[in-house]
Amino acid sequence: MPGDVQCPILITHAKDDGTIPPSHSNNLFLKLLDPHLPLWPSTSDGIFEALSRAERRAQISRTADERHTMTQEIVTTSLIGPKDAPFGVVKTFNRTREEGGQRVVFLEMEKGGHEEFLRSEGIIDFIGCTMGIQDSTVDSELLI
């Protein structure tokens, strides 16, 4: 269960990975974010089923809007590389209220495939700096 992990989490993926679909990494990131978002309407209490079809759609739509708004408030998104041709996106949020506590970082690169991802220039340094296991800081010109 995601709630059992009590340390920073790093998820990395390349969009051109032909072995593991990038949607797997995105779904994992969303699963970790889910406890911080409003709950979807419950179907187990019988109340939701008692609503008309239009009322159910409206309730789901409101919840989806609330979840989208909260995601934008919770998750910080930065591009890596030049604005006109970024080579990656970094999404982060904290799973606890403490600064730096149980941080979740999702690094999604445009290219890198399955085998070459970690060989991309600067990736190891980025990972080290982002996860606090390297003394130097990430070149601020890379993050937009």
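Obtain the nm distance between the two label points defined at SER61 and GLU49 by a simple spin-label model: each point lies 7 Å from its Cα along the Cα-to-C-beta direction. Distance between the two pseudo-spin positions: 2.5 nm. Remark on ILE11: its backbone amide H falls under 5 Å from those of VAL105, PHE106, LEU107, a criterion applied only to residues 5 or more positions apart or on other chains, H modelled at 1.01 Å from N.
As a calculated quantity, the FRET efficiency between THR19 and THR77 at R0 = 22 Å, using C-beta atoms, amounts to about 0.30.
A Förster radius of 30 Å combined with the Cβ-Cβ distance from LEU37 to GLU110 puts the calculated FRET efficiency at roughly 0.65. With a Förster radius of 30 Å applied to the beta-carbon distance between PHE87 and CYS7, the computed FRET efficiency rounds to 0.65.
We did not get these values from a lab; they are worked out from the coordinates using the rules stated. Keep in mind that what you see is a predicted model, and the values were worked out from it rather than measured. Neighbour counts run over all protein chains shown; Cβ positions are idealised from the backbone, glycine included.
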